[in-house]
Amino acid sequence: MLSRSALRRGALRCQFAQPVQKRYLAEAASGSFQYQTGDASGVKIASRDLAGPTTTLALVSKAGTRYQLLPGLTEGLEKFAFRGTERRSALRIVRESELLGAELESYHSRENLVIGAKFLRDDLPYFVELLAEVASSTKYLPHVYTEEVLPLIKLAHKKFLASPKAIALSSAHSLAFHRGLGTPVSPASATPYTKYLAADTIEYFAQFAYAKPNFAIVANGAEHADLSKWVNEFFGGVSAKAPEDLLQSVRDKQTKYYGGEERIAHGSGNSLVLAFPGSSSFTGGFYKPEIQVLASLLGGKSSIKWSSGFSLLSKAAASPGTSVETKSAIYSDAGLLYININGTAENVSATAIEAVKTLHSIAGGKISAEDIKKAKAAAKFQELETGQDITAGLELTGSGLTHGSKAYQLDETAKAIEGVTDAQVKAAAKTLLESKATVSAVGDLFLLPYAEDLGLKV
């Protein structure tokens, strides 16, 4: 087995080279969690030099299910990561990573594909080189697709179909946004991906996902100069642009909200989603901090163990066994504020009625200033905690750079939330009730309510 020094030898061959020229888009705030951003070899980079012996590194690509040309392409591309490149077999990648005590990961969301690693700080050169190989020289072999990738996609499909909550959330996104953001995160039907998906189609989509304008390299626990140096060294051979025909095929249109209602029978549980137009991410052009405060005000899920909590919807739950949560799902150019209720069909129905009544109370001004103050504090904490979280911060920052050349900055989002007024929160609730709602019911359809029963317009 190769030694640690042998693994580094190739990656460190230019450690005495002259410092590279860098163009900074923003300077990091000293002593804060701000990201320092820049450009290296045509690749957008961001780093946060947090104190500690480990580093988390990720390639964040604008290749989530929103952008896939055919069903399952994003999932297939995720599963092909680290399964062999022109220089390294999958076995070699695993053994070398284990020798260095590292962890490899790959996952995707509606907008992003994330390929990353966690490792000891001194091993940054090796893993920058490995990510460059994944982007530029992954081998998309038919037998690997058939024997390793496709079974994992089918497993994700089965897991999705077994969860009423996952089906309801996927249905709500499909109703709200149709194509693009409405595309399921996991394949929702066996037919499309077995009909269209193959090793060569995944390789074709990779030309878009791994073109320099479509991804960013983000690191936590690395000096910006070091990250810039090694990205310059190893990402020079990555494609500078996706093929023109592929660029024209990939959808990148402004997201439009539609709304509507869907009912799906399911025997494993009951889930109801009530959703409305929300806010984009902070790095997007449609950020509305009052939506986040409203989501916190509605709440439902307690942040305190052994307590149902004191948010408005936690009090509205029909029974202790009924779970309610309100979230603001944020994307680059749109968002979805949704209330998700799970439990028995009778309790879900009763809780949904109370949830709509609560929204009307907020819109009508029947809410105390103290409740809104607590909601702002909770929203600020949740935002800061999410941004401070290494995994979430990497994706948010990478997505911001690839969609708008702007990194996610904690200080600015916290300031925006602090500036939300009581009037803005009440106005936001009123606007939601006046807009077209999205209602998705999964489970016992005989008992689960229609949008009309709740007084919502679809």
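Here are the numbers for this structure:
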item	result
Residue match in the range 182-190 (condition: surrounded by 16 or more Cβ atoms within 10 Å (Cβ to Cβ), touching a Leu at 6+ places or on another chain (Cβ under 8 Å) and of a type in the set (V, I, T))	no
The range 310-348: number of residues that are assigned to a helix (DSSP H, G or I) and either outside the structural domain of V439 (by the TED database) or open to solvent by 20 Å² or more (accessible area, probe 1.4 Å) (or both)	4
Complete set of residues in the range 220-249 that are modelled with pLDDT of 95 or more and part of a strand (DSSP E or B)	none
Hits in the range 256-282 (condition: outside any strand (DSSP E or B) and surrounded by 24 or more Cβ atoms within 10 Å (Cβ to Cβ))	N270, G278, S279, S281
Residues of the range 357-377 classified as surrounded by fewer than 19 Cβ atoms within 10 Å (Cβ to Cβ) and under 24 Å from the mean Cα position of the chain (by Cα), total	1
Meets criteria (closer than 30 Å to G321 by Cβ and of a type in the set (S, T, Y)) for S279	no
Residue satisfying all of: in the range 381-395; assigned to a helix (DSSP H, G or I) and either under 16 Å from L57 (Cβ atoms) or not assigned by the TED database to the domain that holds F282 (or both); most open to solvent (accessible area, probe 1.4 Å) among these	I390
Filtered residues of the range 396-412 (kept if crowded, with 23+ Cβ neighbours inside 10 Å and modelled with pLDDT of 80 or more)	L396, T397, G398, S399, G400, L401
Counted residues, the range 73-96 - those being part of a loop (DSSP other than H, G, I, E, B) and either within 17 Å of the chain's Cα centre (by Cα) or aromatic (F, W, Y) (or both)	1
Residue that is more than 23 Å from A168 (Cβ to Cβ), among the aliphatic types (A, V, I, L, M) and free of Cβ contacts under 8 Å to residues at least 24 places away in the same chain, where the choices are A428, A414, A423, A407	A423
Residues that are in contact with a strand residue (DSSP E or B) (Cβ under 9 Å, 6 or more places away or on another chain), open to solvent by less than 30 Å² (accessible area, probe 1.4 Å) and over 26 Å from T54 (Cα atoms), drawn from the range 212-254	K212, N214, V238
Answer residue from the range 107-126, given it is surrounded by fewer than 19 Cβ atoms within 10 Å (Cβ to Cβ) and in contact with a strand residue (DSSP E or B) (Cβ under 7 Å, 6 or more places away or on another chain) and is nearest to D200 (Cα to Cα) among those	Y107
Qualifying residue in the range 127-143 (condition: polar (S, T, N, Q), surrounded by 15 or more Cβ atoms within 10 Å (Cβ to Cβ), outside any helix (DSSP H, G or I) and outside the structural domain of G269 (by the TED database))	yes
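The rows are residues; the columns are (1) closer than 29 Å to S332 by Cβ; (2) among the aliphatic types (A, V, I, L, M); (3) at pLDDT 95 or above.
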| position | (1), (2), (3) |
| --- | --- |
| L69 | yes, yes, no |
| L91 | no, yes, yes |
| E98 | no, no, yes |
| A102 | no, yes, yes |
| E105 | yes, no, yes |
| I115 | yes, yes, yes |
| V128 | yes, yes, yes |
| Y140 | yes, no, yes |
| V149 | yes, yes, no |
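The values are calculated or read from the model by the stated rules, or taken from the named source; none is laboratory data. Because the structure is a prediction, the values reported are computed rather than measured. Here Cβ is always computed from backbone atoms with ideal geometry, including for glycine, and neighbour counts include all displayed protein chains. Accessible surface is based on the protein model in full, side chains and every heavy atom, while ligands, DNA and RNA are left aside. Shrake-Rupley method; radii C 1.70, N 1.55, O 1.52, S 1.80 Å.
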